[in-house]
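Participant: Just passing along the structure, written as structure tokens.
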Amino acid sequence: MKSPLLTLPGAVPAEGVDEGVAAHYGDLFREQRALADGTGFVDLSHRGVVTVTGPERLGWLHLLLTQHVSDLPPGQATEALILSTHGHIEHALYLVDDGETVWAHVEPGTQNALIGYLESMKFFYRVEVADRTADVAVVHLPAGSITEVPEGVAVRETPYGRELFLPRGELESFAEKAGPPAGLLAHEALRVEQQRPRLGFETDHRTIPHELGWIGGAVHLQKGCYRGQETVARVQNLGKPPRRLVFLHLDGSEVHLPVPGTEIRLADDGPDGRKIGFVTTSVRHHELGPVALALVKRNVPVDARLIAGDTAAAQETVVEP
């Protein structure tokens, strides 16, 4: 999906998984500051949109997701995961129910696999699953925004702002009223500041929810009956995850950011030391400077000085060891 907002002045297309929307509109730090001040919007129309309808939708989803959704009130936003049989994260869903339909947005390009799994689990339940990506666009309004939401649009209200499920045909007219646009790079910079993981960025094929701090927010510990629940319970009650998410303050004198996948080592061991983790997302923040999220081994001391490639890094704990 190529967004029509790529024709706006200054728009520079994003690449990789975020292809199809703008990375920025000419001034990354101005766009970050606008979002932090509660103005403007972010075009997330490349994200997948999936709906579930039918009288048994919440009870059915409750059996499949890591989140407790059987009694989800209309309008209450939540997050949920779908795990493999071994407890590894396969999908992350950002949900809201409007009283008749569960709306979810997911990472770009993951909706087909998600729908395939959901369809395989329908059995005799009275539910209908649909891919709405072609006709519905996700738009982010930052916390504090006073932009008016069009009538009849499903909205996820979160501490970080509102996410609108907007008819795709209304995207351009909405942009004219919503204030200055901000690109994906500004949105990502604030996500990293908020220490929020993202599927496919902070995850790999063996990531479990405990490593990223998704316990509580996306995983409800007082429910069972979902795939991978045994691993979640075992790690929660009997052990610790092998890795943990950290927030890194990077050396600001370096010209280049360490790219995702850059190996992390203890600074005292130098660049030839043992690998203890890797960078997952790195950004330039308008106030904090260069920062990153990373996964490191659980037993890395919380006060250890690190290096990401050749870049010195000081860590903040996101997930306790």
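Participant: Report the residue count in segment 121-146 for those that are among the charged types (D, E, K, R), assigned to a loop (DSSP other than H, G, I, E, B) and surrounded by fewer than 19 Cβ atoms within 10 Å (Cβ to Cβ). Don't jump to the end; show me each part of the working.
Facilitator: Step one: filter segment 121-146 for residues among the charged types (D, E, K, R), giving 122, 126, 128, 131-132, 135.
Remaining after also requiring assigned to a loop (DSSP other than H, G, I, E, B): 122, 126, 132, 135.
Filter once more, keeping what is surrounded by fewer than 19 Cβ atoms within 10 Å (Cβ to Cβ): 122, 126, 135.
Result for segment 121-146: 3.
Participant: Does segment 207-216 contain any residue that is out of contact with any helix residue (DSSP H, G or I) (no Cβ under 7 Å at 6 or more places or on another chain) and modelled with pLDDT under 95? Can you show your working first?
Facilitator: The first filter runs over segment 207-216 and keeps only residues out of contact with any helix residue (DSSP H, G or I) (no Cβ under 7 Å at 6 or more places or on another chain), leaving 207, 211-214, 216.
Adding the requirement that they be modelled with pLDDT under 95 leaves 216.
Checking segment 207-216: at least one residue is out of contact with any helix residue (DSSP H, G or I) (no Cβ under 7 Å at 6 or more places or on another chain) and modelled with pLDDT under 95.
Participant: Next question, about the same structure. Out of segment 168-221, which residues are open to solvent by 50 Å² or more (accessible area, probe 1.4 Å) and more than 20 Å from Val319 (Cβ to Cβ)?
Facilitator: Gly169, Glu170, Glu172, Ser173, Glu176, Lys177, Pro180, Leu185
For (1) more than 15 Å from the chain's Cα centre (by Cα); (2) assigned to a loop (DSSP other than H, G, I, E, B), each residue gets a yes or a no:
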| residue | (1), (2) |
| --- | --- |
| Pro73 | yes, yes |
| Glu79 | no, no |
| His86 | yes, yes |
| Leu93 | no, no |
| Ala113 | yes, no |
| Glu119 | yes, no |
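Participant: Any idea which residue in segment 1-15 is least open to solvent (accessible area, probe 1.4 Å), counting only those that are farther than 17 Å from Val49 by Cβ, under 22 Å from the mean Cα position of the chain (by Cα) and not aliphatic (A, V, I, L, M)?
Facilitator: Filtering first and then ranking leaves Pro13.
Participant: Of all the residues that make up segment 148-186, how many are in a helix (DSSP H, G or I), more than 18 Å from Lys2 (Cα to Cα) and in contact (Cβ under 8 Å) with a residue 60 or more places away in the chain?
Facilitator: 1
Participant: If you don't mind, another one. Which one is farthest from Arg198 (Cα to Cα) among residues in segment 285-311 that are open to solvent by 50 Å² or more (accessible area, probe 1.4 Å) and touching a helix residue (DSSP H, G or I) at 6+ places or on another chain (Cβ under 7 Å)? Let's see the steps before the verdict.
Facilitator: Quick first cut of segment 285-311, residues open to solvent by 50 Å² or more (accessible area, probe 1.4 Å) only: 287-288, 297-299, 301-303, 305, 310.
Those still in the list that are touching a helix residue (DSSP H, G or I) at 6+ places or on another chain (Cβ under 7 Å) too: 288, 305.
On the way: Leu288: 20, Arg305: 25 Å.
Filtering first and then ranking leaves Arg305.
Participant: Here is a follow-up. Tell me which residues, restricted to segment 51-69, are touching a Lys or Arg at 6+ places or on another chain (Cβ under 7 Å) and either closer than 15 Å to Ile115 by Cα or of a type outside the set (Asp, Glu) (or both).
Facilitator: The first filter runs over segment 51-69 and keeps only residues touching a Lys or Arg at 6+ places or on another chain (Cβ under 7 Å), leaving 51, 54-56, 68.
Selection gives Thr51, Gly54, Pro55, His68.
Participant: Name the residues in segment 147-204 that are among the polar types (S, T, N, Q) and within 17 Å of Ser45 (Cα to Cα), would you?
Facilitator: Of segment 147-204, the ones among the polar types (S, T, N, Q) are 147, 158, 173, 194-195, 203.
Matches in segment 147-204: Ser173 only.
Participant: Still on this structure: List the residue pairs whose Cβ atoms are under 9 Å apart, where the first residue sits in segment 244-255 and is under 9 Å from Val296 (Cβ atoms), the second is of a type in the set (D, E, K, R) and open to solvent by 10 Å² or more (accessible area, probe 1.4 Å), and the two are 6 or more positions apart or on different chains.
Facilitator: From residues that are under 9 Å from Val296 (Cβ atoms), the pairs are Arg244/Lys297; Arg244/Arg298; Arg244/Glu320; Val246/Glu316.
Participant: Identify, please: which residue in segment 239-263 is part of a strand (DSSP E or B) and in contact with a Lys or Arg (Cβ under 7 Å, 6 or more places away or on another chain) and is, among those, nearest to Val291 (Cα to Cα)?
Facilitator: Here is the first cut: in segment 239-263, the ones part of a strand (DSSP E or B) are 243-250, 263.
Then keep just the ones that are in contact with a Lys or Arg (Cβ under 7 Å, 6 or more places away or on another chain); that gives 243-244, 263.
Details: Arg243: 19, Arg244: 17, Glu263: 15 Å.
By that ranking, first place goes to Glu263.
Participant: Further question: Identify all residues within segment 188-206 that are more than 17 Å from Ala92 (Cα to Cα) and in contact with a helix residue (DSSP H, G or I) (Cβ under 7 Å, 6 or more places away or on another chain); write none if there are none.
Facilitator: Ala189, Leu190
Participant: Which count do you get for residues in segment 217-248 that are in contact with a Pro (Cβ under 8 Å, 6 or more places away or on another chain) and modelled with pLDDT of 95 or more?
Facilitator: Of segment 217-248, the ones in contact with a Pro (Cβ under 8 Å, 6 or more places away or on another chain) are 218-219, 232, 235, 240, 244-245.
Those still in the list that are modelled with pLDDT of 95 or more too: 218-219, 232, 235, 244-245.
Of the residues in segment 217-248, 6 are in contact with a Pro (Cβ under 8 Å, 6 or more places away or on another chain) and modelled with pLDDT of 95 or more.
Participant: What is the residue count in segment 222-273 for residues that are within 22 Å of the chain's Cα centre (by Cα) and either open to solvent by 70 Å² or more (accessible area, probe 1.4 Å) or of a type in the set (Asp, Glu) (or both)?
Facilitator: So the count comes out to 4.
Participant: I've got another one for you. So which residues in segment 274-284 are within 18 Å of Thr317 (Cβ to Cβ), open to solvent by less than 20 Å² (accessible area, probe 1.4 Å) and assigned to a strand (DSSP E or B), if there are any at all?
Facilitator: Matches in segment 274-284: Gly277, Val279, Thr280, Thr281.
Participant: Right, something else. Taking strands (runs of 3 or more DSSP E) that do not extend beyond segment 16-64, which have at least 3 residues that are surrounded by 22 or more Cβ atoms within 10 Å (Cβ to Cβ) and in contact (Cβ under 8 Å) with a residue 12 or more places away in the chain?
Facilitator: On the way: elements: 22-24, 41-43, 48-53.
The qualifying strands (runs of 3 or more DSSP E) are 41-43, 48-53.
Participant: Scan segment 270-292 and report the pairs whose first residue is over 15 Å from Ala36 (Cα atoms) and whose second residue is among the acidic types (Asp, Glu) and not in a loop (DSSP other than H, G, I, E, B), with Cβ atoms within less than 8 Å and a gap of 6+ or a chain change.
Facilitator: Between residues of segment 270-292 that are over 15 Å from Ala36 (Cα atoms) and residues that are among the acidic types (Asp, Glu) and not in a loop (DSSP other than H, G, I, E, B), the close pairs are Lys275/Glu263; Gly277/Glu263; Phe278/Glu263; Thr281/Glu188; Val283/Glu188; Val291/Glu193.
The values are calculated or read from the model by the stated rules, or taken from the named source; none is laboratory data. Note that the coordinates shown come from a computational prediction; the quantities given were computed from them, not determined experimentally. Cβ: placed from backbone, ideal geometry, glycine included. Neighbour counts: every protein chain shown. Accessible surface is based on the protein model in full, side chains and every heavy atom, while ligands, DNA and RNA are left aside. Shrake-Rupley method; radii C 1.70, N 1.55, O 1.52, S 1.80 Å.
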